[in-house]
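Encoded as structure tokens, the structure appears first; notes follow it.
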């Protein structure tokens, strides 16, 4: 099956919300509990907020909100399947750093290269705008940590997470460069 990584539109909002719900439950139910995960997804991925994030990213050269879907050639009439999404914005304290705010893939599609495709698309888009890409991942998210480290990210610090008391998160960075 062919995959297409493209800029998100507001028409993708409900699909992004569904992917967020599935991936958050798979990654964090054992850490936070299913009820807390549901509450976080409802708050952080509220439809209106997602619409605003997508619209803002669409209007800016230094932000991106991408989705991974079936290629449009699969069926121009039917609703596409959505496999993942990524969202990055400028880091507020440093104009040379982009912040990977969100990168999630449906659990049924983990290990199929979708996260890598999304990440590489962001890196290409930001190669002339930013020197580095930064992200934060919960220290208990072994799958996420393994993914980012295998893509060249290096841990730069560990800090307390604002998500819940006693949770730590790791901050990772990597250089963004244009490949010749």
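Here, each number is a calculation from the coordinates, and none is a lab measurement. Because the structure is predicted, anything quoted here is derived from the model rather than measured. No Cβ is skipped: glycine too gets one built from the backbone with ideal geometry, and neighbour counts run over all protein chains shown.
The simple Förster model, with R0 at 35 Å and r as the Cβ-Cβ distance, assigns residue 96 and residue 35 a FRET efficiency of 0.30. Once the Cβ-Cβ distance between residue 120 and residue 142 is put in as r, and R0 is 25 Å, what FRET efficiency do you end up with, to the nearest 0.05? Given R0 = 25 Å and the Cβ-Cβ separation, E is 0.65. Return the FRET efficiency for the residue pair residue 10, residue 111: r is the Cβ-Cβ distance, R0 is 41 Å, and the value is rounded to the nearest 0.05. Plugging the Cβ-Cβ distance into 1/(1 + (r/R0)^6) gives 0.85. Report summary: the helix-based calculation at 222 nm, which adds -39500 (n - 2.57) for every DSSP H run with n ≥ 4 and divides by the residues of the chain, gives -11500 deg cm²/dmol. Computed on the Cα atoms alone, the convex hull of the chain gives a volume of 126 cubic angstrom per residue.
In this simple spin-label model, placing a label point 7 Å from the Cα along the Cα-to-Cβ direction at both residue 43 and residue 165 gives a separation of 1.5 nm.
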